[in-house]
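All remarks here apply to the structure that follows.
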Amino acid sequence: FDDMSSPYVYTACSSDDIADVYAIERASYPADEAASLESLTMRCAEANEFFMLCRCSSTHAIIGYVCSTLTARETLDHDSMTTHDASGSTLCVHSVVVAPSWRSRGVGKALLGRYCDEWIFGDARLRQRVRVMRLLCKDNLIAFYQTYGGFTLDGESSVVHGAETWFDMHRRADP
């Protein structure tokens with residue numbers, strides 16, 4: 001997934017990357033919303049093909065990432081958001097994160113677009129496995145996911161995670 005003209009390089013996450021990913025996670029979410037080190041480690045180990053890093057092409061530093069897991073459930077709930085069911089066909093997107101020092105530079109747009117259009121639905125093998133992508137987001141990010149990821153708003157989520165209200169969104173695989 002390297003493009004020599006891009007300022008970004010996209011790679012799978014490895015166990016060696018988890019400390020840096022966790023630092024970005026902690027800097028990006030309130031304490032009651034950030035994924036734990038254990039959760040990120042599990043996602044890397046068990047759902048690695050759905051854990052994409054964005055690196056600066058010149059330094060190879062991690063500047064963002066998207067991590068997801070599969071579930072056999074149609075909707076997101078606490079259980080579907082905390083486990084990985086490799087036989088599932090619903091991809092639960094847990095995090096789309098850009099390091100604080102890289103924000104407002106278009107990294108998030110590039111990261112989300114690459115993940116949805118090329119990493120997941122552009123890969124023939126993954127496209128056969130993933131029927132729908134689902135995520136939870138706050139109100140201020142709905143337009144971002146609609147515009148740059150092709151997601152559709154389903155409405156307010158029943159999932160409680162932290163203090164704020166979350167919204168369910170989905171994107172189906174193209175026919």
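Where both partners of a DSSP beta bridge lie in the chain, what percent of those bridges are antiparallel, to the nearest 5?
Expressed as a percentage, antiparallel bridges in the chain total about 90.
So how much slack lies between K109 and H78, counting 0.36 nm per residue of separation and subtracting their Cα-Cα distance, in nm?
The K109-H78 span can extend by a further 8.4 nm.
In a Gaussian network model over the chain where Cα atoms closer than 10 Å are linked, find which of L141, L53, L76 has the largest mean-square fluctuation.
L141
Suppose a student asked you for the relative contact order of the range 3-146, using Cα pairs under 8 Å spaced at least 6 residues apart; what percent would you report?
21
Answer with a single label: of [x] 12.9; [y] 11.6; [z] 9.6, which was calculated as mean projected area of the Cα convex hull in nm² from the structure in view?
So the calculated entry is the one marked [z].
Would you mind counting up the charge near T75? Only other residues with Cβ under 10 Å from its Cβ, with Lys and Arg at +1 and Asp and Glu at -1.
Cβ neighbours under 10 Å give a net charge of -2.
Once you've got the GNM for the chain with C-alpha springs shorter than 10 Å, pick whichever of V21, V96, V160 has the biggest mean-square fluctuation.
The residue that fluctuates most here is V160.
None of the figures in this text is laboratory data; all of them are computed from the coordinates on show. All figures in this text were calculated on a predicted structure; none of them were measured in a lab. With ideal geometry, Cβ positions are generated from the backbone for all residues, glycine too; neighbour counts draw on all protein chains shown.
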